[in-house]
Amino acid sequence: MKKVKIAILGSGNIATDLLIKTLRSPYLECGVFIGRNKESSGIAKAQSLGVPTSVRSIAHIINNPDCCEIVFDATSAKDHLIHAPILEDLGKVAIDLTPAKVGHLCVPAVNLDETLKYRNISMITCGGQASIPIAHAIGKVHGQVDYIEVISSVASLSAGPATRINLDEYLHTTEKGITLFSGAKKSKVILNLNPAQPCINMQTTILAKVKDPDIAGLKFEIERMVAAIQKYVPGYSLILGPTLENGRLVVMVRVIGLGDYLPAYAGNLDIINCAAIAVAERVATQNIRFPLKERREQYAAYINQ
């Protein structure tokens with residue numbers, strides 16, 4: 001099978017880790033790695049691997065629409081609001097790793113097939129990828145969920161500047177995803193940045209209030225869900241539950257990263273990248289394409305950057 005060309009928009013740690021994962025994929029080929037700062041370590045890494053690079057941001061794709069068919073946007077929520085309509089007009093499949101809430105929300109273990117008809121696909125957040133499958137299982141087994149609370153603890157060093165800038169968007173987008181996929185009446189998300197040394201692995205606790213908890217049924221559904229996630233996130237594991245504590249269902253999961261470019265403790269970043277690669281590979285193998293709308297003249301400001 002001929003590999004499908006992708007572009008990575010952004011040159012930070014998440015984008016660089018995505019590049020390493022792409023190079024290992026039997027279905028994807030990195031047509032260009034795009035940033036803004038020619039001195040960034042991500043650009044240097046891509047060049048050392050022989051991957052074409054650009055520091056012209058979205059302008060590079062506008063000027064060179066044949067450079068890719070799929071675009072990973074690993075910039076920021078604010079930037080993706082600008083990029084999304086441009087990529088749509090250019091006929092690209094955009095896989096959004098920011099919490100911009102523009103595209104169709106996707107958790108591969110839950111709704112990958114349904115997502116394939118959309119050209120802008122939101123990977124929600126790292127916390128969403130870890131917790132939503134469990135929340136979905138709780139909703140599927142119990143039908144009515146009164147409340148879900150998700151608490152994620154990650155190593156402080158794994159939360160870079162972009163993560164911290166997008167913190168409000170992270171919380172809101174994760175809550176939206178949990179409510180959507182579980183049917184919960186209310187949801188709450190908490191993110192703890194732990195400065196401990198050595199760095200901790202990502203750990204997420206899901207608490208839920210339901211009527212007439214079905215522990216046996218939920219255990220079966222969660223085990224099935226965990227097995228599905230491990231097909232694309234090998235370091236995802238169930239470490240507690242489901243159990244009943246003080247009238248609440250409690251489930252805890254841990255994510256250890258693959259250590260491709262990011263350290264293994266940064267499972268919070270690895271899980272969203274693994275999920276994004278899973279989506280891109282399915283798009284590539286399904287031969288999903290969208291027509292180009294020739295509107296580059298409207299993007300003169302970017303082209304002339």
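No value in this document is a laboratory result; all are computed from the given coordinates. Here the structure is a predicted model, which is why all the values come from computation and not from measurement. Don't worry about glycine lacking a Cβ; one is built from the backbone with ideal geometry, like all the others, and counts go over all protein chains shown.
Considering only lysines 8 or more places apart in sequence, or on different chains, count the pairs in segment 126-266 whose C-alpha atoms sit under 17 Å apart.
Here the count comes out as 15.
On a 0 to 90° scale, report how tilted helix 215-230 is relative to the longest principal axis of the chain, with both axes built from alpha carbons and the result rounded to the nearest 10.
Tilt of helix 215-230: around 20 degrees.
Test of understanding: ordering Leu262, Leu207 by Cβ neighbours within 10 Å, fewest first, what list do you get?
Leu207, Leu262
Tell me, what is the Rg over Rh of the chain, with Rh the Kirkwood radius over Cα pairs?
Reported Rg/Rh, Kirkwood definition of Rh: 0.98.
Only Lys, Arg, Asp and Glu count, each charged at its Cβ (+1, +1, -1, -1), so figure out the dipole size of the chain about its Cα centre, rounded to 20 debye.
That gives the chain a dipole magnitude of about 200 debye.
Just for segment 126-266, what percent of DSSP beta bridges are antiparallel, to the closest 5?
Working: 22 of 31 bridges.
Of all bridge pairs located within segment 126-266, approximately 70 percent are antiparallel.
Along the Cα-to-C-beta direction of Leu167, a point sits 7 Å from the Cα; which residues of segment 186-208 have their amide N less than 12 Å from that point?
Residues 191-194 qualify, since their backbone N sits under 12 Å from the label point.
Give the distance, in whole Å, between the Cα centre of segment 17-36 and the Cα centre of segment 54-100.
14 Å
For the Cα atoms of the chain, what angle does the longest principal axis make with the long axis of helix 126-142, in degrees from 0 to 90, nearest 10?
Result, in degrees: 40.
Provide the net charge surrounding Met202, with neighbours chosen by a C-beta distance below 12 Å and charges set as Lys +1, Arg +1, Asp -1, Glu -1.
Summing Lys/Arg as +1 and Asp/Glu as -1 gives 0.
What fraction of the Cα pairs in segment 133-220, stated in percent, has a spacing above 23 angstrom?
When all Cα pairs of segment 133-220 are counted, 32 percent exceed 23 Å.
Order these by the 10 Å Cβ neighbour count, fewest first: Met202, Met1.
Met1, Met202
Give me Ile124, Ile277 sorted ascending by neighbouring Cβ count inside 10 Å, so fewest comes first. The partial results should precede the final answer.
Numbers: Ile124 29, Ile277 23.
Listed from fewest to most nearby Cβ atoms, that is Ile277, Ile124.
Please give the net charge around Tyr261, taking every other residue with its beta carbon less than 12 angstrom from that of Tyr261, where Lys and Arg add +1 and Asp and Glu add -1.
Overall, the nearby charge balance is 0.
Counting only DSSP beta bridges with both residues in the chain, tell me the antiparallel percent, nearest 5.
Details: 22 of 52 bridges.
Just about 40 percent of them are antiparallel.
Based on the alpha-carbon set only, what is the convex hull volume of segment 189-250 divided per residue, in Å³?
Hull volume over Cα atoms, normalised by residue count, gives 114 Å³.
Give me the count of lysine pairs in segment 1-45 whose alpha carbons sit under 19 angstrom apart, restricted to pairs 8 or more positions apart or on different chains.
So the count works out to 5.
In straight Cα distance, which aspartates and glutamates are under 20 Å from Lys92, not counting same-chain residues fewer than 8 positions off?
Partners within reach: Glu29, Asp66, Glu69, Asp73, Asp79, Asp113, Glu114, Glu281, Glu294, Glu297.
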